[in-house]
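Below is one structure, written out as structure tokens; comments come after it.
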Amino acid sequence: MLRQHHEESFAVPDLASAQSPQASEDLVSLVWVMSADKDNESTLSAYIATALRLACNVEFILVNNGSPEGTLLPAVESLKHASIPVTTVQLHTKSPDSVALSTACRAANGQRIATLPPYLQVASDGLVEMIARSESELDFVASVRVPRVDGKTEQAKSMWFNRVVRWASGIDLRDLNSGLKVFRREVIDGIPVYGDLHIYLPVLAAKQGFRVGEVEVKHLEERDGNVGIGLYGRRALDLLTIFFLMRFTQRPFRFFGSIGTSMIAIGFVMNLVMLLQRWVLDKSMADRPMLVLAALLMALGVQVFSLGLLGELIIFAQAGGLKHYRVQEILTDQFEE
């Protein structure tokens, strides 16, 4: 009997082939990627209490991202007892957070989606204001943890990380690492997210023309303390990817062409200087390492230059199927005779 209940609770639609569901404007989908921690019950109780206070209909999307089977069962029973609709998604193996997020959002039915931290990282009461802001004025609402309760070292790392992101993207965001976010469905539908790029989702949304804002929420706990430099190193590489995608996706020749041209110009000037020294000062060029360096720079410059030109040819060939903009509305005035 227990096995039969397990099969029913973990029934998941075929997300690979199913079309996106008809989103309801009055429905908010709360996405929670659950962990195998023993305090899931208290965390869920806080989320349920907040959900019941919302002035809109809600549903829960529970995701089991590689945790033992049966992790979702107590949460499903609690949500059924509270008369809150619930959909469960079971991932067989531990997957990147972006995979869990994309899969859950495709299973959601609401026009607005809220991603919840796996534990009570912030006070769930802030969700009420964030959803209200998403309904009235914003397409993407990020949370800012205040006051911070983690260590001074981690606060410093987070502060500098967010400063670098603001400098590189030009988007004024203070806390990209906070797990509580609310956004409209068209945000996730229009932005491909993979790897660890879900961290930069508000940056990508702002660059697509969506209205992005922040709401301060009370910071309760931080379990990712003592984050190594390696994590921030990987995020720095992801930030470089974001920078390239935002600036040069539609014009790769400007990026590669400028680098290639600079390398060719430097190599040419070096060769010209050595040639003048040979003519004027009768200085030999055969035993000079600078000659090899200049030739190498020019050769690499031609290759990088050609790479940018090849990228432009690919963009030109695929331009008809590319869409890097968002149409908010089209108005037509009709006049009666």
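Coordinate-derived values only; no laboratory data. No experiment lies behind these values; they were computed from the predicted model shown. A quick note on method: Cβ atoms are made from the backbone with ideal geometry, for glycine too, and the neighbour counts reach across all protein chains shown.
Between Thr93 and Asp189, full extension at 0.36 nm per residue minus the direct alpha carbon distance yields a gain of 32.1 nm.
Counting other Cβ atoms within 10 Å, which GluC sites (Glu not before Pro) in segment 166-226 have at most 10 and lie in a DSSP loop? Loop-located and lightly packed - none at all.
Taking one quarter of the surface of the convex hull spanned by the alpha-carbon atoms of segment 63-182 gives a direction-averaged projected area of 9.3 nm². Label positions at Leu281 and Phe243, each projected 7 Å from the Cα along the C-beta direction, are separated by 3.7 nm.
The distance from the alpha carbon centre of segment 80-107 to that of segment 258-312 is 56 Å, rounded to a whole number. Each label point was placed 7 Å from the Cα along the Cα-to-Cβ direction; for Arg223 and Ala123 their separation is 2.1 nm.
Of the GluC sites (Glu not before Pro) in segment 99-171, the ones in a loop by DSSP (not H, G, I, E or B) with at most 10 other beta carbons within 10 Å are Glu137. A Förster distance of 45 Å, applied to the separation of the beta-carbon atoms of Leu291 and Gln155, puts the FRET efficiency at 0.30.
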